[in-house]
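Shown next, in structure tokens, is the structure this report addresses.
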Amino acid sequence: MADAKPKTSPKAIKFLFGGLAGMGATVFVQPLDLVKNRMQLSGQGTKAREYKTSFHALFSILRNEGVGGIYTGLSAGLLRQATYTTTRLGIYTILFEKMTGADGRPPNFFLKALIGMTAGATGAFVGTPAEVALIRMTADGRLPADQRRGYTNVFNALARITKEEGVTTLWRGCVPTMARAVVVNAAQLASYSQSKQALLDSGYFGDDILCHFCASMISGLVTTAASMPVDIVKTRIQNMRMIDGKPEYKNGLEVLLKVVRNEGFFSLWKGFTPYYARLGPHTVLTFIFLEQMNRLYKTYVLDR
């Protein structure tokens, strides 16, 4: 008699846990997101820098805005994870299952990469309104008091943006946001699997949390370098104001050209340190929370 098929979590639970895991990780890395966004907006249009380093930015925020200041925009960060991560995981799972052969053979690496990029781009589109709110909320503290938008939370931000600037503004910068998601997913998939395999082949690592962490950090370095120019375009477009009824930038290419011309080529990687420091730990923390939630669900629901 064939073995009974093991019980698995319903799809809705998988998506829910994916979103919750991303939100849990965001609580820990939100200060790094804040510093990264501030660094990308500093010295806009000039070679002069508002912050010399990421640590200078962090200490300036703590000094001027207090400990609570480093968690500015947390509600938007959480909503971004709830929308982006849940959608990305849901699309990825559905497409992965559709591409799996009748014999249970998983899709090849190329198809996995394609599925990951498609899921990432779709998730990024759904998560763009929360991303716009996050960029604006984290940027607010660097502005003079009379120029601050003063959003109280992400829902207040979304409501005011819709009322004051129109609903389409919620998807401002969705093209570079989706482009970044495609680059991140492609770079992460390739570099993480290669790094993990190289570490295992070295004989110094087992397939455990230490190996996953190290592979994530190596992968994060590659992913950060590849995706930051797209990320700075996204940040500048989503934070831009209207000048005499016209947007500050016409498109992403104009942002790139202006940054290179006015601030220098390497300004495309402004905020590299906090972006990199966020990417690896966020991935690892997400997987840790996800594994724990799956374990508890199996123990207290599936195995009962």
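Okay, residues lined up against (1) modelled with pLDDT of 95 or more; (2) surrounded by 15 or more Cβ atoms within 10 Å (Cβ to Cβ); (3) over 25 Å from residue 88 (Cα atoms):
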residue: 125; (1), (2), (3): yes, yes, no
residue: 131; (1), (2), (3): no, yes, no
residue: 139; (1), (2), (3): no, yes, yes
residue: 146; (1), (2), (3): no, no, yes
residue: 149; (1), (2), (3): no, yes, yes
residue: 152; (1), (2), (3): no, no, yes
residue: 159; (1), (2), (3): yes, no, no
residue: 166; (1), (2), (3): no, no, yes
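Taking residue 245 as the residue in question, decide whether it is under 22 Å from the mean Cα position of the chain (by Cα) and under 27 Å from residue 129 (Cβ atoms). Criteria not met by residue 245. Pairs, please: C-beta under 8 Å, at least 6 apart or cross-chain, first residue in contact (Cβ under 8 Å) with a residue 12 or more places away in the chain and over 15 Å from residue 257 (Cα atoms) and in the range 225-244, second open to solvent by 20 Å² or more (accessible area, probe 1.4 Å) and β-branched (Val, Ile, Thr)? Every condition considered, the pairs that remain are 226/183; 227/183. Highlighted here are the helices (runs of 4 or more DSSP H) found entirely within the range 72-142 that include at least 3 residues which are hydrophobic (A, V, I, L, M, F, W, C) and under 16 Å from residue 175 (Cα atoms): 109-139.
In the set 97, 50, only one residue is open to solvent by 60 Å² or more (accessible area, probe 1.4 Å) and either touching a Pro at 6+ places or on another chain (Cβ under 9 Å) or touching a residue at least 60 places away in the same chain (Cβ under 8 Å) (or both); that residue is 50. Applying the criterion of being among the small types (Gly, Ala, Ser) and farther than 23 Å from residue 143 by Cβ to the residues of the range 224-251, the residue that is surrounded by the most Cβ atoms within 10 Å (Cβ to Cβ) is 227. Which one is modelled with the highest pLDDT, of the residues in the range 168-197 that are more than 19 Å from the chain's Cα centre (by Cα) and open to solvent by 60 Å² or more (accessible area, probe 1.4 Å)? It comes out as 168.
The values are calculated or read from the model by the stated rules, or taken from the named source; none is laboratory data. Fair warning: this is a prediction, and the values are worked out from it, not measured in the lab. For neighbour counting, all protein chains shown are included, and Cβ atoms are generated from backbone atoms with ideal geometry for every residue, glycine included. Just so you know, the surface numbers come from the protein's heavy atoms only, side chains and all, with ligands and any DNA or RNA stripped out. Shrake-Rupley method; radii C 1.70, N 1.55, O 1.52, S 1.80 Å.
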